[in-house]
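Since the structure comes first, as structure tokens, the remarks are kept for the end.
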Amino acid sequence: MKLISSLLLLVTISTPVAANENSSAPVVANENSSTPIAANENEQAEPWLERLANSLQTLNFSTSFVVVKNNQAEPYHWFHGVDQSGNELEILSLLNGPRRDVLRKDNIVSYIEPELPPYSVSSQQITGPIPAVLREGVTTLAQTYDFISVGRSRVLGRPAQLIRIVSKDVYRYGHWLWLDQKTGMLLKLALANRTGQLLEQIQFTHLDITTDLGDSLLQLQQTTLPKVIEIPAGYQEQVLQWQVKWLPEGFKRLNANRHRISTTKRPVEFMLFNDGLVDVSVYVNPSEDNQRATDYVMDGATVVLNQVINGFEVSVVGKIPAKTAKAIADSVTLNAKLAP
């Protein structure tokens with residue numbers, strides 16, 4: 001654990017972005033600097049997205065970015081590199097509030113969170129604001145999204161190409177990506193509704209690409225990560241009492257389990273769905289109320305919707321429109337296979 005503490009100290013010292021809660025205003029991107037110039041008619045979006053995936057897997061970089069939503073900014077520092085053996089190293093740190101860090105050494109990901117002992121899981125990717133599919137290639141999204149090359153602009157002082165990932169239906173948001181023309185690296189990302197209103201943005205505030213691993217990643221190489229948690233066989237594929245009968249096309253179930261809510265200790269059934277780009281979580285648990293009107297809150301592009309019907313509460317969380325979340329919640333029914 002001393003090695004982990006030393007690594008986290010090094011991450012903090014090497015971070016050039018101020019983590020002041022009141023410094024959010026200057027980091028909101030000036031949209032005039034991102035206004036696209038007309039794209040070449042023959043310019044295709046897919047090759048740009050392939051360059052992005054390659055950059056996120058192979059480049060040695062140190063970058064800072066802020067997630068801008070609800071007139072607030074959450075600053076992060078992100079390191080990535082590849083060692084001489086071809087293993088990926090990665091660090092993602094949230095700079096405001098309680099310390100939260102994610103460390104990755106190839107296929108082992110460790111989470112350092114407040115009030116919890118550090119733990120590791122087997123995974124090829126970290127969980128964070130940047131959608132994991134961007135580093136894997138987006139061909140799997142072609143059934144439900146269109147890829148459009150819009151034009152060129154300037155972001156972070158660099159020439160950039162604007163690519164839009166547009167939903168083919170009304171049930172999800174679009175993603176706008178500004179990519180560095182020289183390296184294909186991500187410089188800015190925004191989620192927008194169908195009218196073009198930006199709901200949430202990720203704005204990079206600095207980007208350093210190097211030939212060698214930075215000090216933080218060299219330290220990570222020497223760090224012993226916590227033991228990997230063994231997930232019992234079948235834990236994520238449990239047969240539940242409740243099921244979701246409707247989801248937008250392309251969503252697949254990744255997880256289904258029963259557990260207890262950490263704050264209330266009440267049992268809950270949990271289902272996680274993903275369309276390749278967006279996660280949607282569904283929770284079902286008994287409620288003290290028999291009926292309660294549907295309510296929801298928006299956190300940037302993320303909706304949290306709750307409703308109680310016949311003594312059971314259904315909650316839907318994800319970066320989807322509120323109407324989509326409502327339709328998903330309304331489709332939750334008892335599993336017919338378990339009916340007496």
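The figures follow:
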quantity: Matching option when the condition is of a type outside the set (Asp, Glu), under 29 Å from residue 201 (Cα atoms) and out of contact with any Leu (no Cβ under 7 Å at 6 or more places or on another chain), among 309, 320, 328; calculated: 320
quantity: Residue in region 140-149 that is within 22 Å of the chain's Cα centre (by Cα), open to solvent by 40 Å² or more (accessible area, probe 1.4 Å) and hydroxyl-bearing (Ser, Thr, Tyr) present; calculated: yes
quantity: Entirely in region 140-239, the strands (runs of 3 or more DSSP E) that have 2 or more residues that are in contact with a Pro (Cβ under 8 Å, 6 or more places away or on another chain); calculated: 145-155, 174-180, 198-210
quantity: Pairs where the first residue, in region 208-221, is over 21 Å from residue 157 (Cα atoms) and the second is among the β-branched types (Val, Ile, Thr), C-beta under 9 Å, 6+ apart; calculated: 213/82; 216/11; 216/91; 217/91; 219/11; 220/91
quantity: Neighbours by Cβ (under 7 Å, 6+ apart or cross-chain): first from region 172-194, under 15 Å from residue 156 (Cβ atoms); second among the hydroxyl-bearing types (Ser, Thr, Tyr) and in a strand (DSSP E or B); calculated: 178/153
quantity: Count of residues meeting criterion [open to solvent by 50 Å² or more (accessible area, probe 1.4 Å) and of a type in the set (A, V, I, L, M)] in region 305-340; calculated: 5
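So that you can scan it fast, the table gives a plain yes or no per residue for (1) surrounded by fewer than 17 Cβ atoms within 10 Å (Cβ to Cβ); (2) modelled with pLDDT under 90; (3) of a type in the set (Ser, Thr, Tyr); (4) touching a Gly at 6+ places or on another chain (Cβ under 9 Å):
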| position | (1), (2), (3), (4) |
| --- | --- |
| 73 | no, no, no, no |
| 78 | no, no, no, yes |
| 90 | no, no, no, yes |
| 99 | yes, yes, no, no |
| 104 | no, no, no, no |
| 113 | yes, yes, no, no |
| 120 | no, no, yes, no |
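The values are calculated or read from the model by the stated rules, or taken from the named source; none is laboratory data. Computed from a predicted structure; not experimentally measured. Cβ sites come from the backbone with ideal geometry, for glycine too, and all protein chains shown count toward neighbours. For the accessible areas, the whole protein counts, side chains as well, though only heavy atoms, and no ligand, DNA or RNA atoms are used. Shrake-Rupley method; radii C 1.70, N 1.55, O 1.52, S 1.80 Å.
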